[in-house]
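Since the structure comes first, as structure tokens, the remarks are kept for the end.
The values are calculated or read from the model by the stated rules, or taken from the named source; none is laboratory data. The shown structure was predicted, so the numbers you read here are calculated from the model rather than taken from an experiment. All Cβ positions, even for glycine, are placed from backbone atoms using ideal geometry, and neighbour counts span all protein chains on display. Heads up: the accessible areas ignore ligands, DNA and RNA and are worked out on the full protein's heavy atoms, side chains in. Shrake-Rupley method; radii C 1.70, N 1.55, O 1.52, S 1.80 Å.
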Amino acid sequence: MSARERILDAAAQVMRERGVAHATTKQIARTAGYSEALLYKHFSDKEDILLHVLRERTPTFSTAAVPGEATVEANLVAVAHGALRFYRHAFPMMASMVAQPQLMAAARESLGKYGAGPQHPVTALAAYVRAEQQLGRVSAGADPNTVAALLMGACFQQGFLRYFSDGPDFPKADAAALVRGLLPALQP
């Protein structure tokens, strides 16, 4: 494993355990087994490390369900499962980031350069629901933007509630249960 990879792993661990606000470059370096100076050979500052951790060390979830394949329910459950897993791991870092205006601005700018950010999964999921409508597998009366916002919002909320009540190692939330609540509105 390269030094950069070890630094990112250590940073993710420290930031999850202590939060971004209380994670120091000295602590990250110590956890990685390197000098603090080596961190600055790979990253410009703590914010740069955080942005790379968010991009490279949090579980990704795909909203790239394929319209017309599997069932709408199975596709939405897969998306919800991935979102719940992502929020479970990323919530401590995201909360710390939001609490620091300078870090939030840097994250917004950096993610924007890559066409990323919290709005993109909602937009992609709405496009999937819209495509399923065109195939006749989702009710024409369903609003794709609302469906996507409700499902992603429920996943985020469950991530927060589980983290709050059970801590960082909370059990998996039930993705299928979240989707079942939306299915009646989606039936063609």
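Miscellaneous remarks
- Each Cα pair of the chain feeds into the Kirkwood radius, which the Stokes-Einstein equation turns, at 10 °C and 1.306 mPa s, into a diffusion coefficient of 89 µm²/s.
- Summed side-chain charge close to Glu132 - residues other than Glu132 whose Cβ falls under 14 Å, Lys, Arg +1, Asp, Glu -1: -1
- Taking amide H positions as modeled 1.01 Å from N, with prolines and chain starts lacking one, no residue 5 or more places away or on another chain lies under 5 Å from Ala21.
- Estimated D of the stretch 6-105 in µm² per second, where Rh is the Kirkwood radius over Cα pairs and Stokes-Einstein applies at 4 °C, 1.567 mPa s: 88
- Amide proton proximity set for Ala65, modelled H, under 5 Å, gap of 5+: none
- Protein accessible area in the stretch 80-188, 1.4 Å probe - carbon and sulfur %: 60
- Each part gets one Cα centre, and for the stretch 1-55 versus the stretch 146-164 those centres are 28 Å apart.
- Electrostatic dipole magnitude of the stretch 87-188 [Cβ: Lys, Arg +1; Asp, Glu -1; Cα centre; debye, to 20]: 120
- Mean residue ellipticity (222 nm) of the chain, computed from DSSP H runs ≥ 4 via -39,500 (n - 2.57), nearest 500: -22000 deg cm²/dmol
- Residues of the stretch 86-188: accessible area per residue with a 1.4 Å probe, Å²: 54
- Taking Cβ atoms as reference points and 15 Å as the exclusive limit, the residues near Arg180 contribute a net charge of -2, counting Lys and Arg as +1 and Asp and Glu as -1.
- Tilt relative to the chain, helix 101-113 - C-alpha long axis, 0 to 90 degrees, to 10: 60
- Cβ-placed point charges (K, R +1; D, E -1), dipole of the stretch 13-119 about Cα centre in debye, nearest 20: 320
- Ellipsoid fit via the Cα gyration tensor, the stretch 88-188: semi-axes of 29, 20, 8 Å, each the root of five times an eigenvalue, largest first.
- Sorted on the mean count of surrounding Cβ atoms within 10 Å across their residues, most packed first, peptides 42-50, 98-106, 30-38 read 42-50, 30-38, 98-106.
- Positive dipole terminus of the stretch 17-141, leading residue within Asn75, Gly112, Ile28 (C-beta point charges): Ile28
- Candidates Leu135, Leu51, Leu151, ranked by Gaussian network fluctuation over the chain, Cα under 10 Å, top entry: Leu135
- Zone residues, the stretch 2-34, relative to Asp45, backbone N less than 18 Å from point 7 Å out along Cα-to-Cβ: 20-29
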